[in-house]
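**Student:** Before anything else, here's the structure in question.
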Amino acid sequence: MKTLKKVLKWTGIVIVALILILVITVACRQNMKYEAPYPDIQASADSSIIARGRYLAYGPGHCADCHGAPESRELMLKGQEVPLSGGMPFKLPIANIYVRNITPDMETGIGKRTDKEIARLLRYGVRPDGTAGLDFMPFHNVTDEDLTAIISFLRTQKPVKHKVPDHEIFALGKVVNAFLIKPVGPSGEVPKSIPRDTSVAYGQYLANSIANCAGCHTNRDMMTGAPIGELFAGGLKMESAIDPENYSIFTPNLTPDSTGRLFGWSQEQFIKRFRQGRLIPHSVMPWPSYSRMSDDELKALYKFLQTLKPVKNVVKPGVIANKE
Ligand code: HEC
Ligand code: HEC
């Protein structure tokens with residue numbers, strides 16, 4: 001009996017010690033610093049470069065879909081260019097994330113950030129203080145030319161004073177942050193510029209580096225955001241944009257398989273669908289932004305989607321009740 005008690009006592013001590021070590025490690029790893037180069041990017045005052053940046057921001061890059069203030073959501077959905085003053089919460093199981101104010105306000109926006117700091121965050125996922133940025137934005141492979149355009153445009157906005165709350169990371173989120181969150185950077189050498197034509201290459205660039213179609217049209221682990229299904233094959237359950245408590249929608253399969261949503265769609269139908277904008281009010285797809293894309297860009301996107309590997313994945317269409 002005595003030895004059993006002793007064993008239990010020591011097991012208890014070991015478990016308590018291990019938990020303490022874990023807690024301390026998690027605490028120490030909350031503000032890990034990372035190294036990344038500063039891209040050689042400088043904002044320009046050239047009006048055609050600024051126009052390209054504005055187009056990317058309010059069009060395929062859909063910055064306003066996240067960075068628009070919640071109060072201006074109605075106007076954004078009607079297609080207006082709303083201020084990018086931030087504040088929208090992402091309520092995740094591990095944290096409440098608040099999208100930042102990216103107008104040039106000195107105290108509450110990005111007024112104090114240098115061009116190179118903004119470029120490093122967008123390309124390498126490292127914040128100005130060296131900590132890892134959260135991977136909400138897919139712009140790691142944006143060309144120097146387009147990154148310059150985006151930052152040039154950001155500098156021309158009217159500053160809006162709007163203090164956004166700090167992110168709230170829950171206990172489990174801190175564990176995820178300690179061990180799983182690392183800066184995400186480009187997948188290879190980033191080109192200086194890319195021809196803007198109707199080619200598959202440009203379509204792939206738009207889909208992957210600017211518009212982030214696979215961000216939603218891929219099934220993911222909601223804890224880490226890591227894909228658990230094939231890219232573009234859909235099946236991610238997304239909360240309704242207008243009644244998240246009660247309704248959700250699964251993202252359709254965009255691969256050219258007979259189970260895919262685009263099966264049998266002509267290029268003309270695809271373009272027409274984007275011109276129609278949001279048809280399902282519950283949909284979280286940034287239709288208002290994407291509907292600004294030119295015919296040529298939509299042609300390129302369509303062509304690129306046709307080159308994907310067909311993946312069999314039957315996705316339940318329409319709006320579904322969360323209780324189902
Ligand atoms: C899917 C939502 C989403 C989209 C779309 C998006 N952002 Fe963000 N953005 C975020 C979140 C969330 C953060 C906070 C990230 C963090 O704290 O690590 C952020 C942070 C930033 C920051 C850092 C702000 C600061 O205070 O340093 C910049 C700059 C930025 N975004 C620019 C852009 C631009 C430009 C676009 C469009 C081309 C864009 N974002 C599109 C969600 C988004
Ligand atoms: C923020 C999430 C999100 C992003 C980003 C996104 N989608 Fe979607 N998409 C959805 C959801 C949800 C639906 C289903 C509801 C609907 O049809 O609007 C959908 C539906 C679609 C449909 C079917 C429309 C129909 O009428 O049947 C197509 C085509 C489509 N998306 C293409 C794309 C392309 C191409 C991109 C990138 C340019 C993209 N999506 C980016 C969430 C997203």
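The values are calculated or read from the model by the stated rules, or taken from the named source; none is laboratory data. If you're wondering where the values come from, they're calculated on a predicted model, not measured in any experiment. So basically every Cβ, Gly included, is an ideal-geometry build from the backbone, and we count neighbours across all protein chains shown.
**Student:** Restricting the search to the range 147-167, which residues are closer than 25 Å to Ser47 by Cα and either buried (at least 23 other Cβ atoms within 10 Å of the Cβ) or among the hydrophobic types (A, V, I, L, M, F, W, C) (or both)? Step through it out loud before you land on a result.
**Tutor:** So the first thing to find is which residues in the range 147-167 are closer than 25 Å to Ser47 by Cα, and the list is 147-160.
Result: Leu147, Thr148, Ala149, Ile150, Ile151, Ser152, Phe153, Leu154, Val160.
**Student:** Among the candidates Ile102, Ile118, Ile97, Ile110, which residue alone is surrounded by 16 or more Cβ atoms within 10 Å (Cβ to Cβ), within 16 Å of ligand 2 (Cβ to nearest atom), hydrophobic (A, V, I, L, M, F, W, C) and in the same structural domain as Arg155 (by TED's automatic domain parsing)?
**Tutor:** Working: Ile102 fails: within 16 Å of ligand 2 (Cβ to nearest atom); Ile118 fails: within 16 Å of ligand 2 (Cβ to nearest atom); Ile110 fails: within 16 Å of ligand 2 (Cβ to nearest atom).
None of the others qualify; the one that does is Ile97.
**Student:** I would also like to ask the following. Could you check how many residues of the range 214-258 are hydroxyl-bearing (Ser, Thr, Tyr) and more than 16 Å from ligand 1 (Cβ to nearest atom)? Walk me through it before giving the result.
**Tutor:** Looking only at the range 214-258, we keep the residues that are hydroxyl-bearing (Ser, Thr, Tyr), and these are 218, 224, 240, 247-248, 251, 255, 258.
Those left that are additionally more than 16 Å from ligand 1 (Cβ to nearest atom): 240, 247-248, 255, 258.
Counting residues in the range 214-258 that are hydroxyl-bearing (Ser, Thr, Tyr) and more than 16 Å from ligand 1 (Cβ to nearest atom) gives 5.
**Student:** Read through the list (1) of a type outside the set (Val, Ile, Thr); (2) under 21 Å from the mean Cα position of the chain (by Cα); (3) within 30 Å of Ser72 (Cα to Cα), then give the number of the only condition that Pro159 fails.
**Tutor:** All conditions pass for Pro159, except number (2).
**Student:** Separate question: Do we have any residue at all in the range 101-114 that's in a helix (DSSP H, G or I), in contact with a Ser or Thr (Cβ under 6 Å, 6 or more places away or on another chain) and either of a type outside the set (A, V, I, L, M) or modelled with pLDDT of 95 or more (or both)?
**Tutor:** Quick first cut of the range 101-114, residues in a helix (DSSP H, G or I) only: none.
No, that holds for no residue.
**Student:** Considering the range 259-298 alone, what residues qualify as being more than 16 Å from ligand 1 (Cβ to nearest atom), among the aliphatic types (A, V, I, L, M) and surrounded by 17 or more Cβ atoms within 10 Å (Cβ to Cβ)?
**Tutor:** The answer is Leu262, Ile271, Leu298.
**Student:** Something else: Which of (1) within 16 Å of ligand 2 (Cβ to nearest atom); (2) under 15 Å from the mean Cα position of the chain (by Cα); (3) surrounded by 17 or more Cβ atoms within 10 Å (Cβ to Cβ); (4) of a type in the set (Phe, Trp, Tyr) does Tyr124 not meet, given it meets every other one?
**Tutor:** (1)
Residue by residue, here is whether (1) surrounded by fewer than 18 Cβ atoms within 10 Å (Cβ to Cβ); (2) among the hydroxyl-bearing types (Ser, Thr, Tyr); (3) part of a helix (DSSP H, G or I) holds:
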{"site": "Ala57", "(1), (2), (3)": "no, no, yes"}
{"site": "Gly61", "(1), (2), (3)": "no, no, no"}
{"site": "Cys66", "(1), (2), (3)": "yes, no, yes"}
{"site": "Arg73", "(1), (2), (3)": "yes, no, yes"}
{"site": "Met76", "(1), (2), (3)": "no, no, yes"}
{"site": "Gly79", "(1), (2), (3)": "yes, no, no"}
{"site": "Val82", "(1), (2), (3)": "no, no, no"}
{"site": "Ser85", "(1), (2), (3)": "no, yes, no"}
{"site": "Phe90", "(1), (2), (3)": "yes, no, no"}
